[in-house]
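Beneath this line is the structure, given in structure tokens, with notes to follow.
The values are calculated or read from the model by the stated rules, or taken from the named source; none is laboratory data. Remember, it's a predicted structure, so these values are computed and weren't measured experimentally. When we count neighbours, we look across all protein chains shown, and the Cβ atoms used for this are built from the backbone with ideal geometry, even at glycine. Areas reflect the complete protein model, heavy atoms only, side chains present, ligands, DNA and RNA absent. Shrake-Rupley method; radii C 1.70, N 1.55, O 1.52, S 1.80 Å.
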Amino acid sequence: MRWMRAAGRGLLVLAVVLTGYVASGAHADEGADGRGPLTLATAGDLTGYLGPLLDGWNRAHPAEKVTLVELPDSADETHAQMITDLRGGDGGRFDVLNIDVNWTSEFAAAGWIRPLPRDSFPLSGFLRPVVDTATYDGRLYAVPYVTNAGLLLYRKDVLDKEGVQPPRTWAELERDAKTIAPKYGLDGYAGQFLPYEGLTVNAAEAVYSAGGSILGDEGERVTVNSDAAREGIGFLARGVREGWIPKRALTYKEEESKQAFQDGRLLFLRNWPYAYAVASAPGSPVAGKIGAVPLPGPDGRGRSVLGGSNLAVNAHARHPDSAARLIAYLTGERVQRQVLTRGALPPVRASLYDDPALVRRFPYLPTLRTAVLSAAPRPKSPHYDQVSLVVQAVVHDALTGRETPESAVRRLARELAAVSHR
Ligand code: GLC
């Protein structure tokens, strides 16, 4: 068993390095060796896989048991609850934080999470774009855990009957959503359009797909006032106005939109890959009837926003050595495979996307890899939370028709400038 010996050696090296890490980052209330029980906080576990996965760790590490704290499904609410906890007197209850990729800078700049020693977390096997999301100011503040990229899910059975290919452009999507969906009693198209982080993602994808941007220079410059942004927001607003995006989609987060698709009520859905995996699982009413393609754009392939989450250690973690060991465990090859097979979440390790057995079981993996590798980060800003709130509020007004896309883009430019120069 050569691989086991090699893995054993790897673990030994890791243990030595991590012990060194603890020694250098010693904290008053940690155990003598920085080891002991932990709490892991995460946003809602939509596929219910994480508890059972952590049971594996708990059985093997009885003195370093992890307690899972599941926060709400909505990224914004999870963000608010984590911050409230971190700001609490003693640095909070959460030792390990599963943070959205776009929170790393904010958490690091605020001193809530501690820098991690790069040598303890070799990142060469990770997909390239995910590593950037874990660094701030040239230092590693988290380890990539799950990645994500938006895909267009479609009803293959319906498109096959109509003899059409899945849409590659917005015009094709719009045409099919308008003309084919009603024939089958379906709603045309939906994404996540409730005002929350999901709407920021959907709006950014529309703007990026049209060739535009929102902020430049790490948030110093507002770049949203462009024809591309008007086109992107106009595409979504037109959908609602013309009815091929149903009004009820303005209340959808990931789960509600997935449910509409899974119940057989939607022809097209923008969602993360977990929705494809869940909707195609045995027992789903649309199992065997769906497909997934890259997001379309105005003239061809569109651009997805990079999603996912990273694992970080609370600056006041009670047992930082155990926290680092748990992170190494969760981001290692074996558990990353389970993140996909049990959690239906896109892993961060590049080699899994080439694994023939996994590709057979999850046929969307090659499409997903392309989408992740070409995905764009969300606007970068030290005030990201406020940037996102502005985008959600203004784009929602454009979708409900309270504001034209033109005036929405002007307002975005104004309000984003105010946030950036605060
Ligand atoms: C998914 C993504 C995350 C994003 C969120 C928005 O959880 O992985 O990055 O912020 O959706 O709703």
Does the stretch 331-365 hold any residues that are closer than 27 Å to R168 by Cα and open to solvent by 60 Å² or more (accessible area, probe 1.4 Å), and which are they? D354, P356, R360, R361, P363
Which pairs do you get when a residue that is in the same structural domain as K178 (by TED's automatic domain parsing) and in a loop (DSSP other than H, G, I, E, B), found in the stretch 261-281, comes within reach of a residue that is open to solvent by less than 30 Å² (accessible area, probe 1.4 Å) and hydroxyl-bearing (S, T, Y), reach meaning Cβ atoms under 7 angstrom, with the pair 6+ apart or on two chains? none
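Based on this model, can you work out whether S407 counts as among the hydroxyl-bearing types (S, T, Y), without any contact (Cβ under 8 Å) to a residue 60 or more places away in the chain and outside the structural domain of Y136 (by TED's automatic domain parsing)?
Numbers: among the hydroxyl-bearing types (S, T, Y): yes; without any contact (Cβ under 8 Å) to a residue 60 or more places away in the chain: yes; outside the structural domain of Y136 (by TED's automatic domain parsing): yes.
Spelling it out, S407 is indeed among the hydroxyl-bearing types (S, T, Y), without any contact (Cβ under 8 Å) to a residue 60 or more places away in the chain and outside the structural domain of Y136 (by TED's automatic domain parsing).
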For a quick check of your reading: which helices (runs of 4 or more DSSP H) sit entirely within the stretch 307-371 and have at least 3 residues that are more than 30 Å from D85 (Cα to Cα)? 333-341, 356-361
Residue, nearest to the chain's Cα centre (by Cα), within the stretch 30-63, restricted to residues that are aliphatic (A, V, I, L, M) and over 30 Å from A75 (Cα atoms): A60
What's the number of the condition A134 fails, among (1) within 23 Å of E254 (Cα to Cα); (2) within 16 Å of the ligand (Cβ to nearest atom)? (1)
Whichever residue in the stretch 57-88 is farther than 25 Å from N102 by Cβ and without any contact (Cβ under 8 Å) to a residue 12 or more places away in the chain and, among such residues, is nearest to the ligand (Cβ to nearest atom): N58
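Whether any residue in the stretch 185-208 is farther than 30 Å from S420 by Cβ and surrounded by fewer than 22 Cβ atoms within 10 Å (Cβ to Cβ) is what I want to check. Steps first, please.
Here is the first cut: in the stretch 185-208, the ones farther than 30 Å from S420 by Cβ are 185-190.
Then keep just the ones that are surrounded by fewer than 22 Cβ atoms within 10 Å (Cβ to Cβ); that gives 185-186.
Scanning the stretch 185-208 turns up at least one residue that is farther than 30 Å from S420 by Cβ and surrounded by fewer than 22 Cβ atoms within 10 Å (Cβ to Cβ).
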Subset of the stretch 291-306 (residues that are crowded, with 21+ Cβ neighbours inside 10 Å and either within 16 Å of the ligand (Cβ to nearest atom) or in a strand (DSSP E or B) (or both)): A292, L295, P296, G297, R303, S304, V305, L306
Residues within the stretch 210-232 that are more than 16 Å from the ligand (Cβ to nearest atom) and open to solvent by less than 20 Å² (accessible area, probe 1.4 Å), tallied: 7
Hey, among the residues in the stretch 222-269 that are over 20 Å from the mean Cα position of the chain (by Cα) and acidic (D, E), which one's farthest from P285 (Cα to Cα)? D227
Every residue from the stretch 196-225 that is of a type in the set (S, T, Y) and over 17 Å from G302 (Cα atoms): Y196, T223
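Within the stretch 83-142, take every residue that is β-branched (V, I, T) and over 15 Å from the mean Cα position of the chain (by Cα) and give me the one that is nearest to E64 (Cα to Cα).
Residues of the stretch 83-142 that are β-branched (V, I, T), as a first pass: 83-84, 96, 99, 101, 104, 113, 130-131, 133, 135.
This time we only want the ones that are over 15 Å from the mean Cα position of the chain (by Cα), so: 83-84, 96, 113, 135.
Working: I83: 25, T84: 25, V96: 13, I113: 20, T135: 27 Å.
Residue satisfying both the conditions and the ranking: V96.
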